[in-house]
Every structure is written in C-alpha cells, then in structure tokens.
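Since the structure comes first, as structure tokens, the remarks are kept for the end.
The values are calculated or read from the model by the stated rules, or taken from the named source; none is laboratory data. Note that this is a predicted model, so its numbers are computed, not measured. Don't worry about glycine lacking a Cβ; one is built from the backbone with ideal geometry, like all the others, and counts go over all protein chains shown. Areas reflect the complete protein model, heavy atoms only, side chains present, ligands, DNA and RNA absent. Shrake-Rupley method; radii C 1.70, N 1.55, O 1.52, S 1.80 Å.
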Amino acid sequence: MTTSGPMTTDRAAGPAGAASKAVIWDGAIRLFHWSTVALVALAWWSAENGHMDWHRRFGLTMLGLVTFRLYWGVAGTQTARFSSFVKGPNAIAAYIRRLKRPYVAAPGHNPLGALSVLALIAALVLQVTAGLFAVDVDGLESGPLSHLVSFDQGRAAAEFHETVFNILIALIVLHVAALIFYRVRLHTNLVTAMITGRRASSEPGHDGPFPLVRFIIGAALAGVVVLAVQQI
C-alpha cells in the first residue's frame, strides 16, 4: 500500500535531534481509507432505507476501491505494500511485548495492526463479492451478477452478504477500540497520520515520490473491473 529517490521527510522546527515528520501514508491510501469509511456507512443507510439503486452504486464503488487496494498492496508505496507489514507469529509476539510506554510508532502498519488490516480487507472482498450475486426475497432487487446463479444460490449470497456485514462492523469496532487503546494507554495518536499522511517518527516512511503512473494504472484497473461487472 516505490521508486528510488531521496527520502521524503520534513524536519520539524525545533532543537537538533527533533523527530522528523516522515511521510507515512500516501494520498492513495488515505483516500481509500476515508472513502471506505464513508461507503460502509452509506451502504448501510441505503439498505436500511430501501434505496437499493443507491445501495448498488455504493457497492460498485466499493468494488472499485477494493480492487485498487489489492493492486496498491503490490504496486504502491512502501508502507502500502502487504510485503512491508505482513509478519509472522514471532514478529507479532515480539511486538506485543513492546506495547508499553515510551512507545515508538512503526513507520506504517505494525505487525499486530496488520492482522486488522488484512481482516478488514478480506471482509470487504467477501462482502462485495456476495453482494454481486445476492437476490432479495422477491427477486426484484438483485446484484449485477445475480443472473449467473439460481434463485436459491442468490438468496444464500444475500444471507452471506448480511452475515459478513455484521462481521465487518465487529472488525470496525475492534479497530476503533485499538485506536483508543493506543491514544489513552500509549499516548500515541494514530488517526492524525491517516489524515495528514505524516507522523513524527524516528524511522522513515515510504522512500520516494508518489508513483503517479502506477496510481493511474490502478485507478484504470478498478474502473475496468467495475465496468466489466456491469456488462457481464
């Protein structure tokens, strides 16, 4: 979620040795994060109020976002890439033992937070995929790929769609609880960096300019996937 080049950091004003404001999250990651927050809320609202045309639009937009995030997890900046933060059990256990003050935030997702990220992305993938095939009880409001499955299969997809949404909400609550823990217990604000992209850190973030060409490719790929789903 890099091209070679000089480290992209800003030295904060202050005495010598002050922590730098490192670029932690690129603009694409921040856009994905906050767009996903908005879309989950809007998808819930539209379904609860029977605005299924809007629900379908929000779902297709989420499909594009998830497609982009999977691509960006391979081709994006250093801190966005799955390879930079997905760690094994030993690294996770070692990180948990270091959860005490004074706490130094990782330059990106920490090994424990990576589990949350993977779980949320997996839930979004399952949620969107099930929605594509879902069929409602009267068969009138259905996903764009529902014609490829039987009515019973479409109903099963709709029930799975609802179940995964509940799991997604639980994961979001857990994610927010973790943010509160870091803020209250470790005196570390992780939210600001997801807004500004920068955080005071003794370690560097991603190591080069924003890869605009790769971003355009990812956005185009997301658009192609969404269009293809509507044309099948």
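Can you give me the Rg/Rh ratio for region 13-109, using Cα atoms for both radii and the Kirkwood formula for Rh?
Values: Rg = 18.5 Å, Rh = 16.5 Å.
When Rh is taken as the Kirkwood radius, the ratio is 1.12.
Hey, got the dipole for the chain? About the Cα centre, +1 on K and R Cβ, -1 on D and E Cβ, debye to the nearest 20? Mind showing how you got there, number by number?
Values: 18 positive and 12 negative charges, 284 e Å.
The dipole of the chain has a size of about 1360 debye.
For the chain, what are the per-bin percents of Cα-Cα distances with bins 10 Å wide, up to the bin holding the maximum?
Answer for the chain: a P(r) of 7, 28, 31, 20, 10, 2, 0 percent.
Taking the solvent-accessible surface of protein heavy atoms with a 1.4 Å probe, what is the per residue accessible area of the chain in Å²?
Here the residues of the chain average 55 Å² of exposed surface.
Give the whole-number value, in cubic angstrom per residue, of the convex hull volume spanned by the C-alpha atoms of region 56-103.
125
What list of ³J(HN,Hα) values in whole Hz, one per residue of region 173-178 in order, does the Karplus curve 6.51 cos²θ - 1.76 cosθ + 1.60 (θ = phi - 60°) give from phi, with Gly and Pro shown as x?
Going residue by residue, I get 4, 4, 4, 5, 4, 5 Hz, with x marking Gly and Pro.
Treat region 97-232 as a sphere of radius equal to its Kirkwood radius over Cα pairs and apply Stokes-Einstein at 20 °C in a medium of 1.002 mPa s; give the translational diffusion coefficient in µm²/s, rounded to a whole number.
Numbers: Rh = 18.2 Å.
My calculation gives 118 µm²/s for D.
Would you mind counting up the charge near HIS187? Only other residues with Cβ under 13 Å from its Cβ, with Lys and Arg at +1 and Asp and Glu at -1.
Value of the local net charge: +4.
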